[in-house]
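The values are calculated or read from the model by the stated rules, or taken from the named source; none is laboratory data. From a predicted model like this one, the values you see are computed outputs, not experimental measurements. Note that each Cβ is placed from the backbone with ideal geometry, even for glycine, and that neighbours are counted across all protein chains shown. Heads up: the accessible areas ignore ligands, DNA and RNA and are worked out on the full protein's heavy atoms, side chains in. Shrake-Rupley method; radii C 1.70, N 1.55, O 1.52, S 1.80 Å.
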Amino acid sequence: MSVFPKETIKNIGESLGVTHLKDEVASALAQDVEYRVHELIQEATKFMRHSKRSKLTVDDVNAALRVKNVEASLLPHINTQFQPLYGYACGETPTFRKTTVNGQELYFAEDEEVDFETILAKPLPKIPLDATFTAHWLAIEGVQPAIPQNPTPSDAKADLLTKRAKPNAAINGITTDQVDVKPLVKHVLSKELQMYFERITEAVSSPDERLKSQAFESLRMDPGLHQLLPYFVQHIHKKVTQNHKQLDVLEAMLSMAQALLNNKHLFVEPYLHQLIPPILSCLVGRTICESPFEDHWSTRHRAAGLMTLICNQFGKAYHTLQPRITKTLLRALLDPARPLTTHYGAIVGLDQLGPEVTRVLVAPNIKFYAETCLKSALVSSSPIRKLEAQKCKEALVNVLIHIAKQASLVPKESDMQVDTAPLSEEDKAELVDAVGEDVGKAFLESDPTRQGVQSVVEAATHMNE
């Protein structure tokens with residue numbers, strides 16, 4: 001005995017045009033329908049369980065019918081290629097009405113009556129767009145690209161105007177409220193990173209040398225500082241700007257920059273344009289200490305070493321980096337209006353970039369610089385100016401020594417005999433004439449080889465030729 005009565009099967013048959021169905025046939029069909037429904041429910045339950053749900057939905061039944069491949073046999077009058085639906089896909093519960101036919105109760109879904117004139121008077125709906133997905137960058141290393149998907153500056157300005165605080169107090173018609181600027185890209189730091197940033201910035205400025213060394217070691221080795229890198233760079237820039245005459249603060253900031261550059265886990269390239277200016281300020285700044293007798297010369301040497309480190313690390317990726325830095329230093333050196341401290345930083349910076357740079361750019365200009373700036377400063381009555389001029393002369397002598405050493409590293413066969421011969425008075429006079437009397441005599445005191453002297457003369461007279 002099936003759970004489906006044979007009368008239900010006969011009513012379904014009559015709705016499909018099959019009349020006078022025999023009782024035996026109706027009973028057999030009812031049993032088969034019961035079996036098929038059980039099989040369908042079991043298959044639909046599998047979809048429900050795999051979907052991690054406890055409620056059976058119409059979509060589960062539709063999927064079970066699709067697996068059983070009964071779409072054509074179930075709905076033969078529907079093109080299944082375009083309408084592969086078997087039940088109700090909406091979430092609304094269908095309502096049924098009851099009626100009596102030939103003394104039997106029959107349930108049916110009532111169809112809503114629709115007026116043709118109302119439908120024809122309505123405008124045609126818009127054609128639905130296909131679902132598409134596009135990807136775009138919200139921000140790249142903290143910089144928001146100017147693309148249509150991101151807010152424009154005008155949108156940011158409009159948002160800024162809407163964020164104005166309500167006037168709390170007005171005195172003579174002037175409000176004291178401030179405007180909260182909302183950044184285009186939010187950058188949220190965890191409490192741990194905020195605490196780490198505060199501890200590090202306090203430690204690098206601490207007088208405790210042990211604490212400072214631990215802070216620099218952490219900046220040099222810690223692999224999890226990606227989010228804090230822009231804040232550290234901004235901190236360095238801010239401290240150098242505000243404390244340009246505090247030598248100990250500048251030394252701490254240079255050590256901090258060196259630690260960040262030596263950290264192999266950090267991607268420093270996007271922040272070079274913010275990191276180079278404070279280092280250049282320490283290198284060619286007019287005054288970087290309170291007293292001119294303080295040892296700011298070593299600080300400038302250290303800044304020059306950092307500039308060389310940046311050029312060596314990122315010069316291959318950015319071909320204009322070293323030429324731009326070199327041009328800046330050369331301009332500072334050849335400007336007579338600049339102080340001698342700036343000239344010293346420029347000479348040291350160019351010397352750190354290598355003998356090839358000084359051979360092409362510094363050596364041909366030594367005589368002009370010595371006669372224009374050094375000659376009068378070396379005999380000045382001011383001890384400070386005389387000390388600065390002496391430091392510049394020593395830096396130029398070191399430049400010539402490095403050029404001479406480079407020439408002696410690759411000796412030519414024709415120069416083997418020349419190198420062993422002592423310097424003649426003619427060689428010395430030729431050197432003094434090429435680089436100036438003050439620098440030339442100081443260079444000769446370093447006991448250079450004849451090959452080195454000839455290399456210096458050749459470099460110094462190359463521009464004039």
Reported to the nearest 10 Å², R286 has, with a 1.4 Å probe, an accessible area equal to 150 Å²
Between S154 and R49, how many nm apart are label points set 7 Å from Cα along the C-beta direction? 6.0 nm
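Put I147, I119 in order of accessible area, largest first, 1.4 Å probe: what do you get? Walk me through the numbers on the way to the answer.
Working: I147 55, I119 85 Å².
Result of the area sort, largest leading: I119, I147.
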Judged on accessible area alone, 1.4 Å probe, highest first, F293, F47, F368, F314 line up as F293, F368, F47, F314
By the mean-Cβ-within-10 Å protection proxy, highest first, 106-116, 392-402 rank as 392-402, 106-116
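Please report, largest first and rounded to whole Å, the three semi-axes of the ellipsoid equivalent to segment 275-345, where each semi-axis is the square root of five times an eigenvalue of the C-alpha gyration tensor.
Working: eigenvalues 106, 42, 12 Å².
In descending order, the three semi-axes are 23, 14, 8 Å.
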For L106, residues with placed amide H under 5 Å, excluding near neighbours: T99, T100, V101
Output ³J(HN,Hα) for segment 51-56: one whole-Hz value per residue in order, computed from phi by the Karplus curve 6.51 cos²θ - 1.76 cosθ + 1.60 with θ = phi - 60°, and x for Gly and Pro. 8, 6, 10, 10, 10, 7
Residue-wise, which Karplus ³J(HN,Hα) couplings in Hz belong to segment 24-33, taking 6.51 cos²θ - 1.76 cosθ + 1.60, θ = phi - 60°, and x for glycine or proline? 5, 5, 5, 5, 5, 5, 5, 5, 5, 5
In Hz, Karplus ³J(HN,Hα) per residue of segment 307-314 (6.51, -1.76, 1.60; θ = phi - 60°; x = Gly, Pro): 4, 5, 4, 5, 5, 5, 6, 10
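Which entries of K327/K393; K391/K428; K264/K316; K239/K393; K22/K68; K327/K367 have Cα-Cα distances beyond 25 Å here?
Details: K327/K393 21 Å; K391/K428 23 Å; K264/K316 17 Å; K239/K393 31 Å; K22/K68 29 Å; K327/K367 19 Å.
Where the Cα-Cα span goes over 25 Å, the pairs concerned are K239/K393; K22/K68.
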